[in-house]
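First comes the structure, then the notes that go with it.
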Amino acid sequence: MNKKDLLRKLKIELGMIKFMDFPTLEGDAIVRAEALEVGQAALLVADDGSESPAPEGEHALADGTKIRVDAEGLITEVMMPEGEAEAEIEIEMKKILSENQALKAEIESLKTNLSAKDAEVKTINERFSQVEKLVAELSEEPAAKPIKAGATTTFSKEENKSAKVDLANMTIEQRSVYFMNQNYSN
């Protein structure tokens with residue numbers, strides 16, 4: 001026995017590998033395996049409970065499934081009964097068709113959302129073009145009151161003390177100058 005077989009046997013003894021029992025069609029023995037899958041080891045369990053690798057050949061199970069086992073006791077083929085195989089295929093096909101329908105619905109939803117976003121982008125681009133035109137038109141028009149370069153407003157100290165000042169009619173620049181002059185003159 002090699003290391004791999006020893007390790008497997010130890011895992012079986014410790015319960016780390018779980019087996020399922022599949023009665024044979026004749027009912028005289030049980031095929032024990034981890035799963036009915038290609039590559040899995042198949043054991044034949046006799047009535048007295050003794051286990052031995054399943055002999056090479058084809059074995060019919062009680063549920064109609066047939067397995068083919070090689071000389072080493074490994075499953076090489078699993079043949080489902082006709083009705084079950086067709087039923088499994090039909091179930092799988094229904095599952096695939098259902099997933100396909102869900103994907104188609106999702107694609108349609110995404111197309112609708114994309115169309116809505118395209119319309120929004122188009123509207124935004126149109127509005128932006130309008131704003132660009134307005135900015136271009138406004139930049140060509142002269143200002144209502146030309147501003148003289150370097151023009152500032154100044155008040156003399158005497159005007160500040162004697163004159164009544166109407167701050168509401170002053171520009172921000174004028175008010176700033178007024179308050180600065182008030183603070184420095186005191």
Result of the Cβ filter at 7 Å on segment 63-84, keeping first residues that are within 17 Å of P23 (Cα to Cα) and partners that are assigned to a strand (DSSP E or B) and hydroxyl-bearing (S, T, Y), at least 6 apart or interchain, is R68/T76; V69/T76
In this structure, is A136 in a helix (DSSP H, G or I) and under 44 Å from the mean Cα position of the chain (by Cα)?
no
2 or more residues closer than 20 Å to P81 by Cβ: qualifying strands (runs of 3 or more DSSP E) within segment 19-61
20-23, 30-33, 57-60
Filtering segment 20-58 down to residues that are on the phi > 0 side of the Ramachandran plot and of a type in the set (V, I, T) yields none
Note: among G39, G57, G64, G73, just one is more than 28 Å from K9 (Cα to Cα), assigned by TED's automatic domain parsing to the domain that holds K9, of a type in the set (G, A, S) and modelled with pLDDT of 80 or more, namely G64
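The values are calculated or read from the model by the stated rules, or taken from the named source; none is laboratory data. Owing to the predicted nature of the structure, the values given are computational and were not obtained by experimental measurement. Don't worry about glycine lacking a Cβ; one is built from the backbone with ideal geometry, like all the others, and counts go over all protein chains shown.
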